[in-house]
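Some notes on the structure that comes next.
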Amino acid sequence: IKRVLSGVQPTGSLHLGNYLGAIRQWVEFQDNAETQDEEGNLIRTENFFCVVDLHAITMPHDPTELTESTLSSAALYLAAGIDPSKSRVFVQSHVTAHAELTWLLNCITPMNWLERMIQFKEKARKQGESVGVGLFDYPVLMAADILLYQADQIPVGEDQRQHLELARDISRRFHDLFCKGNKYKKLCKAAGVPSRPVFVEPNAMIVKSGARIMSLSDGNSKMSKSDPNDASRINILDPPDVIREKIKKCKTDAQVGLEWDNPDRPEATNLLTIFQAVQPGRTREDILNEVGDMTWGQFKPVLADAIVNHLEPIQERYKAIREDDEYLWQVLKDGADAADEIASRTLKHAKIAMGFAVPP
Ligand code: ATP
Ligand code: MG
């Protein structure tokens, strides 16, 4: 059995980058949950999709908005095609093992590994003096998320690659420190559990197209929930007129005609990438044939229509789900129960390996 785990922070409204770079890929994994290996054996994949609210408080947040953002994110997972009968959907803070394992991992993670993290440097710069310890520790919490489920495949956008490598390093360090030689075996025996590896080394699955959707106001920076300028992103729940207005005003350049991969024209690459991503199945060639010779003024309404059409059914399903949150709460409870079962088993092994007095 294989496990896939991924999540989005409820730090604001989810945008096209989250959808194209993360959630839409999850739906594909879910729908390919049963595959065969070379020998024809069935491999089943268990999928866990998490709303990472503990991560969301690493930046200043508004307590009156966190609950709504959490429910809204979970509902968007479902609206985008995550099916709770096939995948587990849960809220990170509902499974206490995440916070607990983070503490254990904190104590074996060298500070200088975290000082190298690009996302920390970027987000810390925006906050000046008041940067919290939690922001520094964000990648360790993420390592705990992944390692708890012994997930071997982690679908993320390009921006999370460095954090994923850190999770691998932490997992290796833990095994080097606590699982080599006879000590671990003895401790497991004393605790009456099998001495299996505590963690599985995770692999990043970076998607090619849509892996990094850029801001509408700057083709060189990532589309982000935390950008204070709402016009820099298309939120999945933006109404059609808002989407049209944002595309109309988005940054372009003074050249005529559209092209991919010209380093001097990041906006052209980004908007073409979005155009292609919201029309699954279309090739670059096919798209350039249609819009390659257009001016920006001609292309923008065509692009806006394509986005609106693609998001419409998702928005409708979202509305239906949010009519009554009872169903959503039930999905989250079932998800948390299933997640907790696996997470507490891993946590127990980690504690035993470190020598804690784990009650029999
Ligand atoms: P924040 O600004 O609060 O960090 P974010 O927009 O970066 O928010 P996250 O919750 O940090 O969103 O990331 C959730 C998932 O979405 C991750 O898998 C991440 O790789 C992916 N992702 C985020 N932004 C983009 C983007 N612009 N393009 C593609 N994928 C993205
Ligand atoms: Mg982010």
Does any residue of the range 69-78 turn out to be out of contact with any Ser or Thr (no Cβ under 9 Å at 6 or more places or on another chain), more than 21 Å from residue 339 (Cβ to Cβ) and not polar (S, T, N, Q)?
-> no
Would you mind telling me which numbered condition in (1) at pLDDT 95 or above; (2) surrounded by fewer than 17 Cβ atoms within 10 Å (Cβ to Cβ); (3) aliphatic (A, V, I, L, M) residue 95 fails?
-> (2)
Checked 202, 240 against criteria (in the same structural domain as residue 282 (by TED's automatic domain parsing) and in contact with a helix residue (DSSP H, G or I) (Cβ under 6 Å, 6 or more places away or on another chain)); the one match is 240
Failed condition for residue 212, given (1) outside any helix (DSSP H, G or I); (2) out of contact with any Asp or Glu (no Cβ under 7 Å at 6 or more places or on another chain); (3) on the phi < 0 side of the Ramachandran plot | (2)
Looking only at residues in the range 13-56 that are surrounded by 21 or more Cβ atoms within 10 Å (Cβ to Cβ) and of a type in the set (Gly, Ala, Ser), which one is nearest to the chain's Cα centre (by Cα)?
-> 22
So residue 260 clears everything in (1) among the hydrophobic types (A, V, I, L, M, F, W, C); (2) in a helix (DSSP H, G or I); (3) without any contact (Cβ under 8 Å) to a residue 40 or more places away in the chain except one condition, right? Which one?
-> (2)
Sole residue being closer than 16 Å to residue 16 by Cβ and of a type outside the set (A, V, I, L, M), chosen from 270, 289 = 270
Would you mind telling me which numbered condition in (1) assigned to a loop (DSSP other than H, G, I, E, B); (2) surrounded by 18 or more Cβ atoms within 10 Å (Cβ to Cβ); (3) at pLDDT 95 or above residue 243 fails?
-> (1)
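Of all residues in the range 230-240 being within 16 Å of ligand 2 (Cβ to nearest atom) and more than 18 Å from residue 265 (Cα to Cα), which is surrounded by the most Cβ atoms within 10 Å (Cβ to Cβ)?
Step by step, filter the range 230-240, then rank; the result is 233.
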Matching residues in the range 1-51 - criterion: being in a strand (DSSP E or B) and within 19 Å of residue 278 (Cα to Cα) | 15
Any idea which residue in the range 4-45 is modelled with the highest pLDDT, counting only those that are charged (D, E, K, R) and out of contact with any Asp or Glu (no Cβ under 8 Å at 6 or more places or on another chain)?
-> 24
Would you please name the residue that is surrounded by the fewest Cβ atoms within 10 Å (Cβ to Cβ), looking only at residues in the range 219-228 that are modelled with pLDDT of 90 or more and within 16 Å of ligand 2 (Cβ to nearest atom)?
-> 228
Would you be able to tell me the number of residues in the range 172-208 that are surrounded by 14 or more Cβ atoms within 10 Å (Cβ to Cβ) and closer than 30 Å to residue 223 by Cα?
-> 6
If you take the residues of the range 192-218 that are under 18 Å from residue 21 (Cβ atoms) and over 17 Å from the mean Cα position of the chain (by Cα), which of them is nearest to ligand 2 (Cβ to nearest atom)?
-> 215
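The values are calculated or read from the model by the stated rules, or taken from the named source; none is laboratory data. Note that the structure is predicted; figures quoted are calculated from it, not measured. Glycine gets a Cβ as well: all are built from the backbone with ideal geometry, and neighbour counts include every protein chain shown.
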